[in-house]
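The values are calculated or read from the model by the stated rules, or taken from the named source; none is laboratory data. This is a predicted model, so every value here is computed, not measured. Methodologically, a virtual Cβ is constructed for each residue, glycine included, from the backbone with ideal geometry; neighbour enumeration extends over all protein chains shown.
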Amino acid sequence: MADVKTPSEVIKGNITSWAVAPNLEPEFPEIEAAIRVNEIEALVKKDDLKFLEEDVIAADLRFLYKL
């Protein structure tokens, strides 16, 4: 469980720290690759056009090599 404090609220979340994935492989040889994936919002801009994309998946670059 991880709580994230913002200036206006505390967001309670059931998440794993981003530091966990890189440390799994050395500790557990049976793990081929630990890849972090997260759903985020992203501000997309092209020229003067801007919009907020709400369903963006962010992943480690290694994700592409493990498909």
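The number of residues in region 30-50 being exposed (fewer than 10 other Cβ atoms within 10 Å of the Cβ) and not charged (D, E, K, R) comes to 2.
I need a count of the residues in region 32-48 that are at pLDDT 90 or above and either among the basic types (Lys, Arg) or more than 13 Å from the chain's Cα centre (by Cα) (or both).
6
Please go through region 25-65 and give me each residue that is touching a helix residue (DSSP H, G or I) at 6+ places or on another chain (Cβ under 8 Å) and closer than 22 Å to Ile15 by Cβ, ordered by number. Matches in region 25-65: Ile31, Ala33, Ala34, Ile35, Arg36, Val37, Asp60.
Take the residues of region 1-29 that are among the charged types (D, E, K, R), outside any helix (DSSP H, G or I) and loosely packed, with under 10 Cβ neighbours inside 10 Å: which is modelled with the highest pLDDT?
Residue satisfying both the conditions and the ranking: Glu9.
Against the numbered list (1) at pLDDT 85 or above; (2) within 12 Å of the chain's Cα centre (by Cα); (3) exposed (fewer than 10 other Cβ atoms within 10 Å of the Cβ), Ala58 comes up short only at (3). For Glu41, state whether it is within 27 Å of Tyr65 (Cβ to Cβ), touching an Asp or Glu at 6+ places or on another chain (Cβ under 9 Å) and not in a loop (DSSP other than H, G, I, E, B). Judged against the criteria, Glu41 is a match.
Anything in region 1-38 that is over 18 Å from Tyr65 (Cα atoms) and charged (D, E, K, R)? List them, or say none. The answer is Asp3, Lys5, Glu9, Lys12, Glu27.
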